[in-house]
Amino acid sequence: MLDINNVRAGYGAINVLWDVTLNVASGEVTTIVGPNGAGKTTLLRAIMGLVPIEHGQIVFEGAALAGVPTWDMAQRGIAMVPEGRMIFRDMSIEENLMLGAFAKTRRAGAARQLEEVYALFPLLKERRALPAGTLSGGQAQMLALGRGLMSTPQLMLIDEPSLGLAPVMVQEVFAILERLKAAGRTIVLVEQNTHMALRLADQVYLMQGGKVTFAARAKEVDVEALHDMYFAR
């Protein structure tokens, strides 16, 4: 579904990604792990057109994404759930969700999709008229995931969903991700909780210093050996 070939990208004169190559298969969870500063978030931003590609190619469903503006990605079938959630705190929960269906091609089915999101996150339905700023960190992460689902994406990019959450909320968020996987969603997951991420993943990539240094099917990965590479032990 998504093919990333020899991509270099960064911020101005600072290059972050160095010839990154990876593939995302339809209906699978592809997990990208690695230390802070490895380039994981930059890679997701490059897919979304937020960071310009200096070299290489990103192809989604057979079409190159080079030059496609970020605001057109939802219509292409790609949604990103950013690190830190980035909800609009002064807007209501439902207004935040409806923003996810802003793309013209998604508006007609917004009401139906909203009910599906509420079925997945009943707490959001109960509080739909309240400001999003009243939510806890874990609840805000549910809102961010729900907003991403509102565009009925073919591909979801999810960046550090467990960041800053209490352990009980981490378990709840990953239970939701497992439900999305069971429903056949294609997900690229950036996550530092390697144990939880590997349990969910079909394919695993390790990034270090802006490069992919290891790739394997999740069922073949030894967690301790991965940690040895992760921490350069």
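In the set R217, R128, R147, only one residue is crowded, with 19+ Cβ neighbours inside 10 Å and either of a type in the set (K, R) or in contact with a Cys (Cβ under 9 Å, 6 or more places away or on another chain) (or both); that residue is R147.
Selection of first residues in the range 152-167 that are β-branched (V, I, T) and of second residues that are part of a strand (DSSP E or B), restricted to Cβ pairs under 9 Å at least 6 apart or on distinct chains, gives the following pairs, ordered by first then second residue: T152/A79; I158/M80; I158/V81; I158/I187; I158/V188; I158/L189; I158/V190.
When each of T31, T70 is tested for being β-branched (V, I, T) and either surrounded by 20 or more Cβ atoms within 10 Å (Cβ to Cβ) or within 14 Å of M150 (Cβ to Cβ) (or both), the lone residue that passes is T31.
A Cβ distance below 6 Å, combined with a sequence gap of six or more or placement on separate chains, defines the contacts here; from the range 67-92, residues that are in a loop (DSSP other than H, G, I, E, B) reach no residue that is surrounded by fewer than 16 Cβ atoms within 10 Å (Cβ to Cβ) and of a type in the set (D, E).
For the range 108-150: of the residues being in a loop (DSSP other than H, G, I, E, B) and in contact with a Ser or Thr (Cβ under 9 Å, 6 or more places away or on another chain), which is nearest to E28 (Cα to Cα)?
Here the residue is G109.
As for the range 175-184, it holds at least one residue that is in contact with a strand residue (DSSP E or B) (Cβ under 8 Å, 6 or more places away or on another chain) and either part of a strand (DSSP E or B) or in contact (Cβ under 8 Å) with a residue 40 or more places away in the chain (or both).
Throughout, read-outs are computed from the coordinates displayed, never taken from laboratory work. Here the structure is a predicted model, which is why all the values come from computation and not from measurement. Ideal geometry is used to build each Cβ from the backbone, glycine not excepted, and the neighbour counts take in all protein chains shown.
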